[in-house]
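Since every read-out is calculated from the coordinates, none of them should be taken as a lab result. No experiment lies behind these values; they were computed from the predicted model shown. All Cβ positions, even for glycine, are placed from backbone atoms using ideal geometry, and neighbour counts span all protein chains on display.
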Amino acid sequence: MIDVPGLDEHIAQFPVYEYRIISTDALPVDAKVRMVCQQECERYGTTWACPPGVGELDECERFCHTYPWGLFFSTVAEVRDVMDMDEMLATRFSHEEITSQIDAYLTQQGLDTFVLSTESCDICEECAYPDEPCRFPEKMHPCLESYGIVAPTIVEREEMEYMLGGNAVLWFSLILLRK
Ligand code: SF4
């Protein structure tokens, strides 16, 4: 398993709820996850961070396996009302910021990384998809679901929490790692 010096200390400064280094050997990938994107998400087919812009499912899976490990983690945010979708979605931006900062730390440690995170990309006011290439491929984080990754399966295997209840919201990222 890969060892990242100082990772515990770096992560401790953020509201990271739990994290694990996982092997990508048995990464749970299921076409049904992308089916849900297609059927239920209004962002499907509107950004380079979503299917089908991210590529075919088997290409995505092969790509993930070029990274032997991943840092899988959740951050926690408090909201006043978990039923208020706007309030809940607003907490996603701080998760993305934390993800970027952890990613920057990992690259400073000499690791090659690729970030999969939440929902779809909001960096540009209007996405370049599909007519022009992504304007910020180095900043853009495709969502875990766009790669067909079944986050609840990882959570269960790793004995992590998927939901906390009350007014707490958990967001998940997977930063793929290779030396
Ligand atoms: S960075 Fe801009 S062009 Fe790239 S996926 Fe995000 S919104 Fe689209």
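Of all complete DSSP H helices in the chain, those with a Cα span along the helix axis of 20 Å or greater and a mean Kyte-Doolittle hydropathy of -1.0 or more are 92-108.
Each Lys or Arg adds one and each Asp or Glu takes one away; over the other residues whose Cβ falls under 15 Å from the Cβ of E97, this sums to -2. Here is the size of the range 54-96 from its Cα atoms: Rg then Dmax, 15.7, 41 Å. Modelled spin labels at Q101 and D58, positioned 7 Å past Cα toward Cβ, are 4.2 nm from each other.
Summarised in one figure, the compactness ratio Rg/Rh of the range 7-178, Cα atoms and Kirkwood Rh, is 0.94. Would you look at the GNM of the chain, springs on alpha carbons closer than 10 Å, and say which of P133, P68, P152 moves the most? With Cα springs under 10 Å in the chain, the top fluctuation among P133, P68, P152 is at P133. Note on E138 and M163: their simple-model spin labels are 4.0 nm apart, each label 7 Å out from Cα toward Cβ. Bridges between two residues of the chain, per DSSP, are antiparallel at a rate of about 95%. Here the relative contact order of the chain, from alpha carbon pairs under 8 Å that lie six or more residues apart, stands at 36 percent. Per DSSP helix of 4 or more residues, -39500 (n - 2.57); summed, then divided by the residues of the chain. What does that give at 222 nm, rounded to the nearest 500? Taken over the chain, the calculation gives -8500 deg cm²/dmol.
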